[in-house]
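**Student:** What follows is a structure written as structure tokens; I'll ask about it next.
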Amino acid sequence: MKFRLAFILALVLILPACSETASTPEVPLPAYVLAIDRFDESTGMWMVALATESNDEKELRALVENTRTLAKDKKEEVNSVSVTIIKPDGRIPSTITAFGRIALTSKGMEQTGLSSTSEMVFEYRNAPAASPEKPPTTPNKETSN
């Protein structure tokens, strides 16, 4: 009898948790290109710029979080990651849509100001989407003859 009661109690506790995770959709990563890849061996800081057409805040946040996995796959030991997400609009300087910082070690926590390696700093900027009707322009340079 105690076994049945324990079994039913376990099911009651486990099943709602399963349904909650099953109904929570994972945010897909948008298509992106690694535009800048700089690693400072003396500090273990990895600075990246990712170019993507996405302007969705949740997708951009997922993209910053994904750099944690990319950093762990690098052959060098990465202490922290600084991420800039840009539009591939051809502008100089590039249109920035988001920033992020991630710490992977205690040294990385010092570098980023984070209190845990599971935390992330994310700053979203609602940059306008690149418009195919209006190609990017660069300022004209004055030339003297």
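**Student:** Restricted to the stretch 69-88, and to residues that are in contact with a strand residue (DSSP E or B) (Cβ under 6 Å, 6 or more places away or on another chain) and among the aliphatic types (A, V, I, L, M), which residue is nearest to Thr105 (Cα to Cα)?
**Tutor:** Going through the qualifying residues, I end up with Val78.
**Student:** If you go through the stretch 35-49, how many residues are touching a Lys or Arg at 6+ places or on another chain (Cβ under 7 Å) and surrounded by fewer than 12 Cβ atoms within 10 Å (Cβ to Cβ)?
**Tutor:** 0
**Student:** Can you pull out the residues in the stretch 78-104 that are in a loop (DSSP other than H, G, I, E, B) and modelled with pLDDT under 95? Full working, then the answer.
**Tutor:** In the first step, residues of the stretch 78-104 are kept if they are in a loop (DSSP other than H, G, I, E, B); the result is 78-79, 87-95, 104.
Hits for the stretch 78-104 are Lys87, Pro88, Asp89, Gly90, Arg91, Ile92, Pro93, Ser94, Thr95.
The values are calculated or read from the model by the stated rules, or taken from the named source; none is laboratory data. None of the values given here were measured: they were computed from a predicted structure. Note that each Cβ is placed from the backbone with ideal geometry, even for glycine, and that neighbours are counted across all protein chains shown.
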